[in-house]
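> Provided herewith is a single structure, encoded as structure tokens, for subsequent inquiry.
Rule-based calculations on the coordinates, nothing more; no lab input. If you're wondering where the values come from, they're calculated on a predicted model, not measured in any experiment. Note that each Cβ is placed from the backbone with ideal geometry, even for glycine, and that neighbours are counted across all protein chains shown.
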Amino acid sequence: MDRILEPLSNQWQIALLALIVVMGALVWRAQRQVTRLAKTSGAMQEALTRLEEATGEMTKRSAKTEESLMKTEESVMKTEQTLKANLDEYRMALGSTNAYREYLQNMGLAPASDVEPILEAIPDGAEAVSTDGKVLYANKAFADLTSVRPGATIEEIAFRCRVRTFAGAQLDPEDLPEARVLKGEVLSSLLIRMLPPGRDHDVILSVNGQPARDATGKVVAAVMLCRAVSEEVAMAIEVRRMAEERPEPASGVF
């Protein structure tokens, strides 16, 4: 009987040994999967931490950007207010000597004969152009910004300074701010680019312009004030202009 069962006993031992080997392999594989899962979980946790840090940094940058935009908007508003105020003073100087004398006396600044020194002292570029397209007057600030001096013509300014729109399109002489004002147009914070001779980069100008008229209302000159602005301030002005020109949506139900 033992001889009959002995082969079966050996088979059972082999089967048991095989089962043990299979179980060991399964346990080893499960252990590897657990280890991989632990590593994956750690990597995901690290990635989540980095994402939270990046989100926090983006939030801080967004706050700084918003603060910078607000400061830029304030700077734009101050620039526009200053340009408009200076333009009103300059227009008074050219268009009405009596009114300007009274204004200066009320301010306690200077008699009307001292108008030119005052215009030389302001930080903005000031320019007056006659109806035949020649520069009658340009203060030092304007000459330093543009290299344009009295006697220059609108055509010379257009080509020597490569005057363009803020977007970069070339402007013909008849499209220059001075030419538009001589036609009776009033300009406010118009942005232009130019490359004056001797400069290696563009100058961006925010230009205000108003026609000077005689007693009959005829345009006798174009009065211009300009100020150099940075690319960021120019972009803020352009965005603001586009927002103001955008038509409001029609109300009501259709």
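> Loop only per DSSP, at most 12 neighbouring Cβ atoms within 10 Å: give me the trypsin sites (Lys or Arg not before Pro) in region 157-252, ordered by residue number.
Passing sites in region 157-252 are 183, 218.
> What order do you get for 184-190, 22-28, 232-238 when each peptide is scored by the mean count of other beta carbon atoms within 10 Å, highest first?
So the order, starting with the most tightly packed, is 232-238, 184-190, 22-28.
> Further question: Need one number: nm distance between label points at residue 71 and residue 25, each 7 Å from Cα along Cα→Cβ, rounded to one decimal.
Using points 7 Å along Cα→Cβ, the separation is 6.9 nm.
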